[in-house]
Amino acid sequence: MTQLNQIELQNLRHLIGSHEVAYKKLSEYATQCQDPQIRQVFQQSAQDAQNTKNQLMTFLG
């Protein structure tokens, strides 16, 4: 794998942070949601954000 330059590294860190925030918010929305179908959508979206964050982290190292 090629080495990341500073701008790419900065962008990658930003994306990872954004996906972490999305995961936390969606998880919290899911806990507050009364409707089971909507709760499931929030939970799945949170899991997708977490999975994407984990995939992005593999580029760090």
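The values are calculated or read from the model by the stated rules, or taken from the named source; none is laboratory data. Keep in mind that this is a model prediction, so the values were computed, not measured. For neighbour counting, all protein chains shown are included, and Cβ atoms are generated from backbone atoms with ideal geometry for every residue, glycine included.
What the table shows:
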quantity: Criterion (in contact (Cβ under 8 Å) with a residue 12 or more places away in the chain and either part of a helix (DSSP H, G or I) or in contact with a strand residue (DSSP E or B) (Cβ under 7 Å, 6 or more places away or on another chain) (or both)) met by exactly one of SER27, SER18; calculated: SER27
quantity: Answer from LEU4, LEU26 - the residue that is of a type in the set (A, V, I, L, M) and modelled with pLDDT of 95 or more; calculated: LEU26
quantity: Residues within segment 18-48 that are within 24 Å of PHE59 (Cβ to Cβ) and in contact with a Lys or Arg (Cβ under 9 Å, 6 or more places away or on another chain), tallied; calculated: 6
quantity: The one condition in (1) among the aliphatic types (A, V, I, L, M); (2) surrounded by 12 or more Cβ atoms within 10 Å (Cβ to Cβ); (3) out of contact with any His (no Cβ under 9 Å at 6 or more places or on another chain) that ALA49 fails to fulfil; calculated: (3)
quantity: Tabulated pairs, segment 37-48, first of a type in the set (Phe, Trp, Tyr), second in a helix (DSSP H, G or I), C-beta under 6 angstrom, 6+ apart or interchain; calculated: PHE42/LEU26; PHE42/TYR29; PHE42/ALA30
quantity: Matching option when the condition is farther than 27 Å from GLN3 by Cα and not in a helix (DSSP H, G or I), among GLN44, GLN34; calculated: GLN34
quantity: When residues of segment 1-15 are limited to those that are part of a helix (DSSP H, G or I) and either in contact with a His (Cβ under 7 Å, 6 or more places away or on another chain) or among the aliphatic types (A, V, I, L, M) (or both), the one farthest from ALA46 (Cα to Cα); calculated: ILE7
